[in-house]
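The values are calculated or read from the model by the stated rules, or taken from the named source; none is laboratory data. Keep in mind it's a predicted model, so treat the numbers as computed, not measured. Cβ placement follows ideal geometry from the backbone for every residue including glycine, while neighbour counts extend to all protein chains displayed.
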Amino acid sequence: MLDQMSPNLDSTPIDEGKTKTDIMHVEDTSKGGIQMLSLDSIEQTKTGYYVWLVSIAVSVGGFLFGYDTGIISAVLVVLNEDLGHALNSSEKELITSLTSGGAFIGALAAGCSADKYGRKLAIFLGCIVFVIGAVLQACAFSLAQMAVGRFVIGIGVGSAAMIIPLYIVEVSPAKYRGRMIGLDNMSITGGQLVAYGVGAGFAKVSHGWRYMVGLGAAPAIILAICLYFCPESPRQLMYHGKSEEAARVVAKIFPNGTDLQVQQKIQHMALHVEESKVLNGEGGFWKQLKQLYVVPSNLRALVAACGLMGMQQFTGYNTLMYYSSTLFGIIGFQNPIEVGTIIAGTGFGCTFVYFLVIDQFGRRLILLSTMWGMAVFLAVAAIGFHWIPVSHNLALETNDIGWPAYLLLASMIIFVVFYSLGIGNLAWVSSEFFPTENRALGTMMMTCTCWGANIVVASTFLTQMENTTPSGTFGFYAVLCFIGWIAVYFWYPEVKGMTLEDIREVFNHGFGVKYARGVQKEMVRQKKAQVESQTGVTMAV
């Protein structure tokens with residue numbers, strides 16, 4: 001039984017006959033070949049409802065992320081002079097970018113505390129910050145008060161953006177890891193959609209923006225309650241020597257696994273935890289941070305993860321979330337908040353499609369299939385804006401909404417389709433690249449990259465539109481998307497279906513694109529052989 005397991009898990013005997021099927025080793029002595037591929041048999045068992053419910057529960061944090069970043073679009077349109085005066089472009093950029101600045105700080109705080117105090121506590125503290133930020137915004141009567149509220153809510157957003165994907169990565173089975181992180185992504189876009197709906201509902205209510213921002217406290221309270229029923233990450237428990245508790249969590253995640261399979265999974269984790277401790281010694285936080293940069297494989301993982309996250313932000317998508325109502329007002333739509341809801345709804349629908357296909361088609365193929373489309377339709381948007389008469393201060397110089405406005409709307413919708421099917425969601429999966437000893441800090445750096453780039457985009461978008469014209473701005477982001485496609489082709493490996501313990505080996509082979517391709521082929525071969533041994537039917541290659 002699990003409670004009777006010896007703390008010294010390495011001493012647990014493993015049946016010799018089970019080894020070949022339960023833990024598979026693939027040897028290749030050729031240069032650059034596959035050195036080892038471990039596959040715990042428990043990963044092949046049927047997953048129960050428990051881990052799905054846990055992932056759904058913590059994904060409420062993603063909803064908060066989406067709601068609090070999306071609601072500002074509607075708020076900026078209806079603020080009028082409620083903060084003492086009508087806001088100019090610079091003040092709108094300030095309010096918007098301060099959320100990103102707070103998120104940067106929140107990601108740092110969560111990353112520094114996640115290993116020492118656990119993932120659950122970091123999420124809970126984020127809930128408290130969300131509630132405080134919502135109250136501060138709803139009670140704001142000046143620009144300074146609103147700015148403080150947006151900064152505080154940003155701290156919660158950054159914490160949620162960093163810790164929740166990390167938590168889901170560590171509790172999810174390898175074969176469903178992309179899909180379970182997709183639940184968080186779907187919650188983010190769902191939160192953005194709800195934000196637009198709430199914005200439209202309160203747009204004509206006196207001081208309705210206060211209700212818009214204040215309602216953000218409710219999901220935070222729900223998440224705090226849900227956390228009571230969620231376990232700590234088993235890998236986090238193993239790292240702190242709580243092997244029996246970790247085994248109980250693994251048994252809940254894999255309810256159809258045998259006691260032996262649970263033991264083997266724990267042994268696999270223990271092996272890599274011990275390796276992690278040897279690498280880090282007693283250096284604590286600074287030693288772990290140093291390991292991210294001085295160990296070549298860690299640095300390559302960091303470059304791949306942070307690079308993709310930076311690309312995600314420099315597609316310019318979040319400018320649509322922050323300024324879509326302003327943008328569609330500029331080009332002449334009379335109900336810009338309702339039009340912006342179309343953008344948010346498209347993002348949510350495509351994220352659901354992403355959720356269905358991510359673990360089937362893999363990360364790399366989806367990225368390469370979608371990033372070119374983003375570049376193309378941003379270029380189309382630039383062309384559409386060229387034919388819309390807008391002054392240097394972004395005022396529409398005609399009362400007619402002609403075909404260029406509808407072309408711009410259509411191109412933005414299609415751009416969001418490609419974004420939401422690909423990099424918009426996939427960038428958050430990259431926390432799987434980091435080894436146990438550096439996963440929290442690696443995810444922290446990845447999230448800080450997100451919000452650092454977001455600050456640049458959010459604080460310059462309207463100014464860039466005024467100084468370089470809307471066409472020039474959208475053309476600029478189109479070029480960045482194309483550069484991102486090239487970077488993914490050369491430097492982003494495919495790791496679908498691989499355990500977290502095995503992914504670390506990928507970056508021991510450069511950026512691992514070729515090596516990971518070989519691993520994927522070997523996994524297909526192993527699965528084919530397993531099916532043939534069980535059915536007695538030879539499968540076609």
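The listed residues are Tyr196, Tyr167, and the only one of them that is touching a residue at least 60 places away in the same chain (Cβ under 8 Å) and over 20 Å from Ala110 (Cα atoms) turns out to be Tyr196.
Rundown of residues vs (1) under 30 Å from Leu94 (Cβ atoms); (2) of a type in the set (Gly, Ala, Ser), yes/no style:
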position: Cys448; (1), (2): yes, no
position: Ala453; (1), (2): yes, yes
position: Ala458; (1), (2): yes, yes
position: Gly472; (1), (2): yes, yes
position: Phe476; (1), (2): yes, no
position: Cys481; (1), (2): yes, no
position: Phe490; (1), (2): no, no
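There is at least one residue in the stretch 423-437 that is more than 30 Å from Tyr239 (Cβ to Cβ), surrounded by 21 or more Cβ atoms within 10 Å (Cβ to Cβ) and at pLDDT 95 or above. Taken together, the residues in the stretch 453-494 that are of a type outside the set (D, E, K, R), more than 18 Å from Tyr323 (Cβ to Cβ) and within 23 Å of the chain's Cα centre (by Cα) amount to 13. Which residues, counting only those in the stretch 224-238, are assigned to a helix (DSSP H, G or I) and either more than 24 Å from the chain's Cα centre (by Cα) or of a type in the set (S, T, N, Q) (or both)? Of everything in the stretch 224-238, those that are assigned to a helix (DSSP H, G or I) and either more than 24 Å from the chain's Cα centre (by Cα) or of a type in the set (S, T, N, Q) (or both) turn out to be Gln236, Met238.
Within the stretch 325-343, residues that are more than 21 Å from Thr469 (Cβ to Cβ) sit with their Cβ atoms under 6 Å from residues that are part of a loop (DSSP other than H, G, I, E, B), at 6+ positions apart or across chains, in these pairs: Ile337/Ala203; Val339/Phe333.
For the stretch 422-438, check the following and say yes or no: at least one residue is of a type in the set (S, T, N, Q), over 14 Å from the mean Cα position of the chain (by Cα) and part of a helix (DSSP H, G or I).
First, pick out the residues of the stretch 422-438 that are of a type in the set (S, T, N, Q): 425, 430-431, 436, 438.
Next, only the ones that are over 14 Å from the mean Cα position of the chain (by Cα) stay: 436, 438.
Filter once more, keeping what is part of a helix (DSSP H, G or I): 436, 438.
Yes, there is a match, as at least one residue in the stretch 422-438 is of a type in the set (S, T, N, Q), over 14 Å from the mean Cα position of the chain (by Cα) and part of a helix (DSSP H, G or I).
Condition (residue is outside any loop (DSSP other than H, G, I, E, B), out of contact with any Ser or Thr (no Cβ under 9 Å at 6 or more places or on another chain) and of a type in the set (S, T, N, Q)) applied to the stretch 344-363: is it met by at least one residue? The answer is yes, given that some residue of the stretch 344-363 is outside any loop (DSSP other than H, G, I, E, B), out of contact with any Ser or Thr (no Cβ under 9 Å at 6 or more places or on another chain) and of a type in the set (S, T, N, Q).
Answer yes or no: is there a residue in the stretch 488-510 that is assigned to a helix (DSSP H, G or I) and within 30 Å of Phe385 (Cα to Cα). Reasoning before the result, please.
Of all residues in the stretch 488-510, those assigned to a helix (DSSP H, G or I) come to 488-491, 500-506.
After this cut, where a residue has to be within 30 Å of Phe385 (Cα to Cα) as well, the list is 488.
Among the residues of the stretch 488-510, at least one is assigned to a helix (DSSP H, G or I) and within 30 Å of Phe385 (Cα to Cα), which makes the answer yes.
Go over the candidates Ala200, Ala161, Ala174 one by one and state the one that is small (Gly, Ala, Ser) and under 24 Å from Ser459 (Cα atoms). Sole residue among the options that is small (Gly, Ala, Ser) and under 24 Å from Ser459 (Cα atoms): Ala161. What do you reckon, is Asp259 of a type outside the set (A, V, I, L, M, F, W, C) and more than 23 Å from the chain's Cα centre (by Cα)? So Asp259 fits the description; yes.
Condition first: under 28 Å from Gln288 (Cβ atoms), part of a helix (DSSP H, G or I) and among the charged types (D, E, K, R). Now tell me which residues in the stretch 239-268 satisfy that. Walk me through it before giving the result.
Taking the stretch 239-268 as the starting set, the residues that turn out to be under 28 Å from Gln288 (Cβ atoms) are 239-250, 253, 264-268.
Now drop any that are not part of a helix (DSSP H, G or I), which leaves 239, 243-250, 253, 264-268.
Correct list: Glu244, Glu245, Arg248, Lys265.
The set of residues in the stretch 223-268 that are among the charged types (D, E, K, R) and closer than 23 Å to Gln44 by Cα comprises Glu232, Arg235, Glu244, Glu245, Arg248, Lys252, Asp259, Lys265.
Conditions (1) among the aliphatic types (A, V, I, L, M); (2) at pLDDT 95 or above, marked per residue:
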residue: Val129; (1), (2): yes, yes
residue: Val135; (1), (2): yes, yes
residue: Phe151; (1), (2): no, yes
residue: Gly156; (1), (2): no, no
residue: Ser159; (1), (2): no, no
residue: Ile164; (1), (2): yes, no
residue: Ser172; (1), (2): no, no
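The condition (being under 24 Å from Ile383 (Cα atoms) and either modelled with pLDDT of 85 or more or part of a helix (DSSP H, G or I) (or both)) is satisfied by just one residue among Val531, Val479: Val479. Restricting the first member to the stretch 203-219 and to residues that are within 27 Å of Gln334 (Cβ to Cβ), and the second to residues that are of a type in the set (S, T, N, Q), the beta-carbon pairs closer than 7 Å and six or more apart or on different chains are Val213/Gln137. Scanning the stretch 457-515 for residues that are in contact with a Pro (Cβ under 6 Å, 6 or more places away or on another chain) and at positive phi gives a single hit, Gly512. When Val51 is tested against the conditions (1) at pLDDT below 90; (2) over 30 Å from Gln137 (Cα atoms), the lone failure is (1). Somewhere in the stretch 159-181, is a residue over 29 Å from Gln360 (Cα atoms) and either outside any helix (DSSP H, G or I) or of a type outside the set (Lys, Arg) (or both)? Yes, the stretch 159-181 contains a residue that is over 29 Å from Gln360 (Cα atoms) and either outside any helix (DSSP H, G or I) or of a type outside the set (Lys, Arg) (or both).
In the set Gly84, Gly106, which member is in contact (Cβ under 8 Å) with a residue 24 or more places away in the chain and part of a helix (DSSP H, G or I)? Break it down into steps so the answer makes sense when it comes.
Numbers: Gly84 fails: part of a helix (DSSP H, G or I).
Residue meeting the stated conditions: Gly106.
Restricting Ile337, Ile331, Ile342 to residues that are out of contact with any strand residue (DSSP E or B) (no Cβ under 9 Å at 6 or more places or on another chain) and either at pLDDT 95 or above or buried (at least 22 other Cβ atoms within 10 Å of the Cβ) (or both) narrows the list to Ile337. Within the stretch 74-83, the set of residues being over 15 Å from Ile153 (Cα atoms) and surrounded by 12 or more Cβ atoms within 10 Å (Cβ to Cβ) comprises Ala74, Leu76, Val77, Val78, Leu79, Asp82, Leu83. As a summary of the residue check, Ala114 satisfies the conditions (1) within 19 Å of the chain's Cα centre (by Cα); (2) within 29 Å of Met238 (Cβ to Cβ); (3) surrounded by fewer than 19 Cβ atoms within 10 Å (Cβ to Cβ) except for the one numbered (3).
Take Lys204 and tell me if it is under 23 Å from Leu53 (Cβ atoms) and surrounded by fewer than 19 Cβ atoms within 10 Å (Cβ to Cβ).
Working: under 23 Å from Leu53 (Cβ atoms): no; surrounded by fewer than 19 Cβ atoms within 10 Å (Cβ to Cβ): yes.
Taking the combined requirement at face value, the residue does not satisfy it.
Evaluation of Ser206 against the conditions (1) modelled with pLDDT under 90; (2) polar (S, T, N, Q); (3) touching a Gly at 6+ places or on another chain (Cβ under 7 Å) shows that the sole unmet condition is (3). Do we find a residue being surrounded by 19 or more Cβ atoms within 10 Å (Cβ to Cβ), farther than 30 Å from Ser459 by Cα, touching a helix residue (DSSP H, G or I) at 6+ places or on another chain (Cβ under 8 Å) and among the small types (Gly, Ala, Ser) anywhere in the stretch 276-293? So far as the stretch 276-293 goes, yes, one or more of its residues are surrounded by 19 or more Cβ atoms within 10 Å (Cβ to Cβ), farther than 30 Å from Ser459 by Cα, touching a helix residue (DSSP H, G or I) at 6+ places or on another chain (Cβ under 8 Å) and among the small types (Gly, Ala, Ser).
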